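To start, the structure itself, in structure tokens.
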Amino acid sequence: MNLSRVALAAGTAAASVVLLSGTAFAHVSVQPQGEAAKGGYATVNIKVPNERDNASTVKLEVSFPLDHPLASVMPQPVPGWKAEVTKAKLDKPLTLHGKQINEAVSKVTWTADGSKIGPGQFQQFPLSLGQLPEDADQLVLKAVQTYDNDEVVRWIEEQKGSEEPQNPAPVLKLSAAGDDHHGGGATPTASASAAADAKAGHEDGAGARTETASASSSDTTARVLGVIGILVGIAGVAFGVLAGRRRSA
């Protein structure tokens, strides 16, 4: 009986750990579509799960760091949501494409407009970002999530050590700068494509030459065998004539 109670308690504890772990990892996050390279441009998704069983998410605010300002932050329209972009003056102007920029996006706010993120659901909010900083390995995008019961969850805590904070801020990791500075992965250069085509052409030509040589060799062999067959036939006829003359004599 005692063993059964111990086993039941252990099973309940294990199930609680699993449930709590699932809840702990269900936080607002930022995920790049492809690559987010330093000095380039990227498209990212702000992923917002609903952590409550009795309330729906109706508002999301995402703040951008002004110590590594982004001149361009453009939200993609999301059905049922209204997006608002807020800008702030910069102490030190940015130079982008030869032009000086005195302000940068400081926050994007999405407000429910006919839609909500209900219990057990999540929503993604796409953004186009650029130009990404070249002197940073990551961008911390602090988020504030509001529910329709007026509860507010602030995803603003930065991770200091190995242990993840209770309400971690979304972090966009930046990869090494690419040649094209546009993110999303590099594309082959014209010379590389030409080299690939040349290689393919070389291989095709080599294959054609091999097939020609093989056909030529086969044709020569057939001719030799034909001549040998004729000679053998002549020899056979001559042998038969001689044998007939001997029998007649």
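The values are calculated or read from the model by the stated rules, or taken from the named source; none is laboratory data. Because the structure is a prediction, the values reported are computed rather than measured. Here Cβ is always computed from backbone atoms with ideal geometry, including for glycine, and neighbour counts include all displayed protein chains. Areas reflect the complete protein model, heavy atoms only, side chains present, ligands, DNA and RNA absent. Shrake-Rupley method; radii C 1.70, N 1.55, O 1.52, S 1.80 Å.
Check whether at least one residue in region 110-128 is modelled with pLDDT of 95 or more and in contact with an Asp or Glu (Cβ under 6 Å, 6 or more places away or on another chain), and report yes or no. Yes: region 110-128 contains one or more residues that are modelled with pLDDT of 95 or more and in contact with an Asp or Glu (Cβ under 6 Å, 6 or more places away or on another chain). Among the residues of region 46-66, is any modelled with pLDDT under 95, closer than 30 Å to Ala177 by Cα and open to solvent by 40 Å² or more (accessible area, probe 1.4 Å)? Within region 46-66, one or more residues are modelled with pLDDT under 95, closer than 30 Å to Ala177 by Cα and open to solvent by 40 Å² or more (accessible area, probe 1.4 Å). Limited to region 109-124, what total is found for residues that are under 24 Å from the mean Cα position of the chain (by Cα) and buried (at least 20 other Cβ atoms within 10 Å of the Cβ)? Matching residues across region 109-124 total 1.
Filtered by the rule that a residue be in a strand (DSSP E or B) and buried (at least 16 other Cβ atoms within 10 Å of the Cβ), region 147-162 gives Tyr147, Val153, Trp155. Considering region 125-141 alone, what residues qualify as being open to solvent by 30 Å² or more (accessible area, probe 1.4 Å) and part of a loop (DSSP other than H, G, I, E, B)? If the condition is that a residue be open to solvent by 30 Å² or more (accessible area, probe 1.4 Å) and part of a loop (DSSP other than H, G, I, E, B), then Gln131, Glu134, Asp135, Asp137 are the ones that fit.
Would you mention how many residues in region 163-192 are in a loop (DSSP other than H, G, I, E, B), within 30 Å of Ala26 (Cα to Cα) and modelled with pLDDT of 50 or more? Even if it seems obvious, please write down each step before you answer.
If we filter region 163-192 for residues that are in a loop (DSSP other than H, G, I, E, B), which is where we start, we get 163-167, 169-170, 174, 176-189.
Then keep just the ones that are within 30 Å of Ala26 (Cα to Cα); that gives 163-167, 169-170, 174, 176, 183-185.
Subset that is modelled with pLDDT of 50 or more: 163-167, 169-170, 174, 176.
Qualifying residue count for the region: 9.
Would you point out the residue of region 68-105, among those that are over 27 Å from the mean Cα position of the chain (by Cα) and of a type in the set (Ser, Thr, Tyr), that is most open to solvent (accessible area, probe 1.4 Å)? In this case the residue turns out to be Thr95.
When you check Gln121 against the structure, is it touching a residue at least 60 places away in the same chain (Cβ under 8 Å) and more than 24 Å from Ala42 (Cβ to Cβ), yes or no? Even if it seems obvious, please write down each step before you answer.
Details: touching a residue at least 60 places away in the same chain (Cβ under 8 Å): yes; more than 24 Å from Ala42 (Cβ to Cβ): yes.
Taking the combined requirement at face value, the residue satisfies it.
Of all residues in region 158-178, those that are free of Cβ contacts under 8 Å to residues at least 12 places away in the same chain have Cβ atoms under 7 Å from Cβ atoms of residues that are open to solvent by 80 Å² or more (accessible area, probe 1.4 Å) and not aliphatic (A, V, I, L, M), 6 or more apart or on another chain, in Pro165/Gln159.
Answer yes or no as to whether Val144 is farther than 30 Å from Ala177 by Cβ and open to solvent by 40 Å² or more (accessible area, probe 1.4 Å).
Numbers: farther than 30 Å from Ala177 by Cβ: yes; open to solvent by 40 Å² or more (accessible area, probe 1.4 Å): no.
For Val144, the condition - farther than 30 Å from Ala177 by Cβ and open to solvent by 40 Å² or more (accessible area, probe 1.4 Å) - is not met.
Scanning region 45-89 for residues that are among the hydrophobic types (A, V, I, L, M, F, W, C), in a strand (DSSP E or B) and closer than 19 Å to Thr111 by Cα yields Ile46, Val48, Val58, Leu60, Val62, Val73, Met74, Trp81, Ala83, Val85.
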